[in-house]
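The structure under discussion appears below in the form of structure tokens.
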Amino acid sequence: MTTGKMTAPRRPPWTWLLALLLVVVAVAPLVLQWLGNVGDQRLVDLDVYRTGGEAVLEGRPVYDFLTPAPQLLPFTYPPIAALLATPLAAMSWPAAQWVWTILIFVTLAVSVGFGFRAVLGRLRRPVPVDGRPVPSSGAGHAGREDRKAEHTGREDQAGRPDPDRAGSPTVLNRARGLWLPMAFAFLMVACTYLMPIRDQVRFGQVDILLVALCLADCVARRPVWPRGMLIGLATAVKLTPGVFLIYLLIAGFGPGAKEEHRRTFFMAAFTAALLTLLPFLVIPDDASEFWFRALLDPERLGANAATTNQSLRGMLIRLYMPDWLTTLLWLALVAVIAWYGFRYARRALLDGHRVTGVALVGLMAVLLSPVAWIHHLAWVVVVLGALFGSGLDPVRVRMAAGVWLYYVLPIPWWGVTIKAAEIPVLSPVLGKIVQNGFGLGALVLVWLLGVRLPRRREAFRVISDARGEVSRAVPDGG
């Protein structure tokens with residue numbers, strides 16, 4: 001008879017050390033490649049942050065400098081980002097490169113931990129010590145074999161299963177003690193080699209840090225900080241996370257809204273406003289320069305028609321239509337996609353699928369922004385976590401695997417190659433489509449998360465109930 005007594009999986013400290021070692025070995029080639037790049041090509045965006053911090057420390061105008069040739073990159077972030085970059089400026093350049101690269105992987109670990117919380121939480125849960133192992137959904141045959149072994153295996157004098165017998169709950173928990181660290185290591189490595197994350201390491205970008213801040217703020221069950229504060233910080237640093245203010249506003253004041261969402265919105269807005277106004281007290285000239293001149297110059301961000309700009313506007317610009325028509329089409333598409341994207345995100349939040357909601361809002365940050373480079377698609381880590389869920393639905397696992405493969409491959413650059421081949425009809429049309437591959441993929445992901453995923457959740461619940469399995473026992477988390 002099962003009493004419900006549980007025992008936590010045994011996880012000796014060396015299991016996490018082993019997982020860390022595996023991650024280090026797997027990502028070392030990528031890190032060493034870009035940290036060993038030629039000096040004027042190495043972590044060029046980190047150089048921008050650091051030079052902005054140096055300008056603050058030395059009293060020079062932040063928005064007038066350019067990084068050394070051949071990059072010649074200006075500082076394009078709000079003034080609070082320059083203030084926060086001063087610790088980088090106080091370090092030597094080699095030290096800053098290593099510190100920033102480590103920070104990228106720490107924040108990626110935070111993003112993986114929260115984004116894949118459903119499957120990692122399932123691996124963390126123990127099985128009963130004095131009862132049957134808890135079979136996973138779809139594993140009915142294996143469950144029957146385990147129960148048969150439990151009754152035919154060796155037992156102690158009290159009639160309880162031998163804890164050291166293969167297949168016993170104790171042995172299963174010992175194995176599960178290793179599964180969680182290994183699964184986390186696997187997910188870390190898989191996400192590292194996504195092209196948007198590879199570009200984080202290549203350029204020394206800040207995007208995965210912003211992903212971690214917004215995701216933790218929305219998903220953490222009992223945050224030690226006021227919920228909304230991290231979203232406010234991310235918005236103040238790079239503006240595009242401001243889409244989460246829209247998300248919280250809709251969730252907090254629409255039908256079915258909760259007081260928690262309203263409080264989160266007010267905290268996020270307050271934090272963003274405070275950090276936006278603070279530079280006017282510390283570096284007032286730079287603050288005025290950014291908000292009244294630099295912000296209005298989109299060319300400061302780089303060539304908007306470049307392949308790396310995978311936003312809606314970037315894709316339209318590459319069609320080379322008249323400027324007025326491009327702007328008109330862009331505004332119309334922004335309105336339509338925002339309408340559906342934020343509705344899907346709000347529904348996911350109210351249904352308890354917070355990770356899905358964050359993933360959808362992150363995609364809005366990419367698609368609706370005037371400029372969104374490939375590395376801005378670091379949100380794909382959260383998308384993968386939402387699709388994968390608890391890992392019990394094989395259809396969702398296959399969807400996640402397909403999305404992972406798609407964003408590992410350098411698809412937009414294949415489009416450039418096709419266009420360069422100058423094959424009549426094929427090169428101009430197919431080349432353009434493939435060149436916009438990541439942006440078009442983001443549009444598909446909005447549909448996948450907002451329409452296909454809810455239907456699949458319901459279908460899997462019905463299938464599980466029909467098989468007599470308790471599908472609700474393992475929260476999907478996505």
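The values are calculated or read from the model by the stated rules, or taken from the named source; none is laboratory data. Bear in mind the structure is a predicted one, so any value in this text is a computation, not a measurement. Note: ideal-geometry Cβ built from the backbone for every residue, glycine included; neighbour counts use all protein chains shown. For accessibility, only protein heavy atoms count, side chains too; no ligands or nucleic acids. Shrake-Rupley method; radii C 1.70, N 1.55, O 1.52, S 1.80 Å.
Within segment 355-366, one or more residues are assigned to a helix (DSSP H, G or I), in contact with a His (Cβ under 6 Å, 6 or more places away or on another chain) and open to solvent by less than 50 Å² (accessible area, probe 1.4 Å).
Restricting segment 207-224 to residues that are within 26 Å of VAL48 (Cα to Cα) and among the β-branched types (Val, Ile, Thr) leaves a set whose member that is surrounded by the most Cβ atoms within 10 Å (Cβ to Cβ) is VAL211. If you go through segment 397-455 and keep only what is of a type in the set (Gly, Ala, Ser) and open to solvent by 70 Å² or more (accessible area, probe 1.4 Å), you end up with just ALA420.
Do any helices (runs of 4 or more DSSP H) lying entirely in segment 241-328 carry at least 2 residues that are open to solvent by 30 Å² or more (accessible area, probe 1.4 Å) and either of a type in the set (Asp, Glu) or free of Cβ contacts under 8 Å to residues at least 24 places away in the same chain (or both), and which ones are they? Before the answer, list the steps.
Details: elements: 243-253, 259-282, 284-292, 312-317.
Once the helices (runs of 4 or more DSSP H) in segment 241-328 are filtered for at least 2 residues that are open to solvent by 30 Å² or more (accessible area, probe 1.4 Å) and either of a type in the set (Asp, Glu) or free of Cβ contacts under 8 Å to residues at least 24 places away in the same chain (or both), what remains is 243-253, 259-282, 284-292.
Yes or no, residue by residue, for (1) modelled with pLDDT of 85 or more; (2) not acidic (Asp, Glu):
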position	(1), (2)
VAL444	yes, yes
LEU449	yes, yes
ARG452	yes, yes
PHE460	yes, yes
ASP465	no, no
SER471	no, yes
ASP476	no, no
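Before we move on, is ARG227 within 14 Å of the chain's Cα centre (by Cα), open to solvent by 40 Å² or more (accessible area, probe 1.4 Å) and not β-branched (Val, Ile, Thr)? So ARG227 fails the test.
Counting residues in segment 318-325 that are of a type in the set (Asp, Glu) and closer than 18 Å to TRP447 by Cβ gives zero.
If the condition is being assigned to a loop (DSSP other than H, G, I, E, B), within 26 Å of the chain's Cα centre (by Cα) and surrounded by fewer than 22 Cβ atoms within 10 Å (Cβ to Cβ), then segment 42-66 contributes only ARG42. Flag not set for ALA69, criterion: among the small types (Gly, Ala, Ser) and part of a helix (DSSP H, G or I).
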